[in-house]
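Below is one structure, written out as C-alpha cells; comments come after it.
The values are calculated or read from the model by the stated rules, or taken from the named source; none is laboratory data. These figures come from a predicted structure and were not determined experimentally. Cβ atoms come from the backbone with ideal geometry, glycine included; neighbour counts cover every protein chain shown.
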Amino acid sequence: MKLFILLLLLCTSAIKAQNVVFDASGRAVFKREYPGKTADEIYKGVYSFITSYYGYHEERMQADSITKTLHLQKGEILDVLCRKYFSGKKPEVIGAFEMRVQITDGKIDGYIQHLNFHIYGLDYYIDFKKLQSGEPDPLIFENEYENYCNQFTAFLNCMSRAITTGILKYEFGINLNKALYSQQPLQLNEQGIATAILTFEKDESTLQYLVDSFLHKHYFMGIPVIEQPEPNAKTIVVEGGLFDVFNNRSSHKTNRNPIINASNIITIKVDGNTVSLTIQHKDFIDDNDKIISATFSDALHSKNYFKGTTAEQKQYLIKNYNTFLSSLKYYIDKGEMGQ
C-alpha cells in the first residue's frame with residue numbers, strides 16, 4: 001500500500017518530537033519516551049497505528065506481544081523525496097523501508113532501514129550515500145535528504161499521536177471544531193464541488209497568517225502549494241487528498257472492501273474577517289494509487305464502479321470532506337492543534 005497521506009500531513013504530538021536522521025547506509029536509530037505509559041499501552045498504540053491507521057495488516061508485520069517487539073518488514077511512502085510539488089523535479093519515487101520497534105515501559109527504541117527507491121515496482125537507483133552526503137548526482141536534487149528525513153519524522157509523529165491519544169481515525173492528525181463538523185456544512189454537488197464561508201473576530205492579516213500556518217504546519221509539511229502565492233497572498237490553492245473516504249478500512253479484515261482514496265483541489269481566500277473555502281473533488285484513487293474511472297456523481301448515486309455503495313458509506317464520504325474545513329476552523333480559533 002502506498003501511503004500518500006504522509007506526503008500531506010505532519011501530525012502533532014503531546015511529546016517533544018525527535019527528528020529522524022539517517023546515516024550513509026540508510027539507517028536511522030530512534031528513541032521516543034512516553035512518560036506514564038506502560039509497555040502494554042505503547043504496544044497497543046504502535047500495533048493499532050501500523051495495522052489500522054497506516055494500513056499494513058498482520059501479514060506485513062511480525063508482532064510479539066510478550067517481548068513487545070514489532071517488525072514492519074516492508075513499508076512504503078509515496079513521493080518520499082517530495083518532488084510532486086516542485087516543477088521540474090521528476091520522477092516521483094517511492095521509498096521502501098523496514099522498521100523494527102522494541103517497547104518497554106515509558107519508551108520505544110527502534111530503527112528504520114531504507115530498502116530501495118522504486119517507481120511502482122520498477123527499481124530507481126539513487127545512491128543513498130550520495131543522498132545523505134550531498135555529493136553531486138544527476139538523480140538527486142537539492143534538499144532531498146532533508147525531505148526524506150522529514151517524511152519519516154512525520155511518520156513517527158503520527159505514531160506517537162496514536163500512542164499518546166489513542167486517536168487513529170483519519171482527521172488530518174489534528175483536532176476538529178466539533179460543532180462545525182456536526183453540521184456538515186460542505187455538501188458537495190454532483191460535480192463534487194462545495195463552498196463555505198467562515199467569519200471570525202480576527203483581522204485580515206491575522207487570518208492570513210493562521211491559514212498559511214495551518215497549511216504548512218499541519219497539512220503538507222511546508223511543501224509549496226500548487227499556485228505559489230506571493231507573501232501575504234489572500235488566495236491560496238492547494239492540492240489535497242483524503243485517505244479511505246468511505247471508511248472501508250474498519251471492515252477491511254472481514255469483507256475486504258477496497259480502500260478508496262481521493263484527491264481534490266482546495267481554494268482558500270481571506271477577505272477582511274472572513275475565510276471562504278472551495279473544495280473540488282478531483283479523482284478517486286484505488287489502494288494501488290491508480291485513478292478510478294468514476295465520477296463523484298457515480299459515488300453519490302451508487303453507479304458504475306460504485307454500484308452497491310451503501311448510504312452509510314456515502315455519509316462517510318461527505319463527513320471526510322468536511323474534516324478539512326472543521327480542522328481549519330479549530331486552528332484559527334485556537335491558534336494550535338493540541339488536545
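Matching residues to (1) within 24 Å of the chain's Cα centre (by Cα); (2) at pLDDT below 85; (3) in a strand (DSSP E or B):
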| position | (1), (2), (3) |
| --- | --- |
| Q191 | no, no, no |
| M221 | yes, yes, no |
| V225 | yes, yes, no |
| I236 | yes, yes, yes |
| G240 | yes, yes, yes |
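Search region 196-216 for residues that are free of Cβ contacts under 8 Å to residues at least 12 places away in the same chain and pair each with any residue that is part of a loop (DSSP other than H, G, I, E, B) when their beta-carbon atoms are under 7 Å apart and the residues are at least 6 apart or on different chains.
H216/G222
Name every residue in region 116-139 that is assigned to a strand (DSSP E or B) and surrounded by 12 or more Cβ atoms within 10 Å (Cβ to Cβ), in order of residue number.
N116, F117, H118
Picking from K319, K329, which residue would you name as being assigned to a helix (DSSP H, G or I), at pLDDT below 90 and surrounded by 21 or more Cβ atoms within 10 Å (Cβ to Cβ)?
K329
Given the criterion closer than 30 Å to Y34 by Cβ, in contact (Cβ under 8 Å) with a residue 24 or more places away in the chain and either assigned to a loop (DSSP other than H, G, I, E, B) or assigned by TED's automatic domain parsing to the domain that holds V237 (or both), identify the matching residue among V101, V80.
From the options V101, V80, the qualifying one is V80.
What are the residues in region 258-275 that are exposed (fewer than 15 other Cβ atoms within 10 Å of the Cβ) and in a strand (DSSP E or B), if any?
Of everything in region 258-275, those that are exposed (fewer than 15 other Cβ atoms within 10 Å of the Cβ) and in a strand (DSSP E or B) turn out to be D271, T274.
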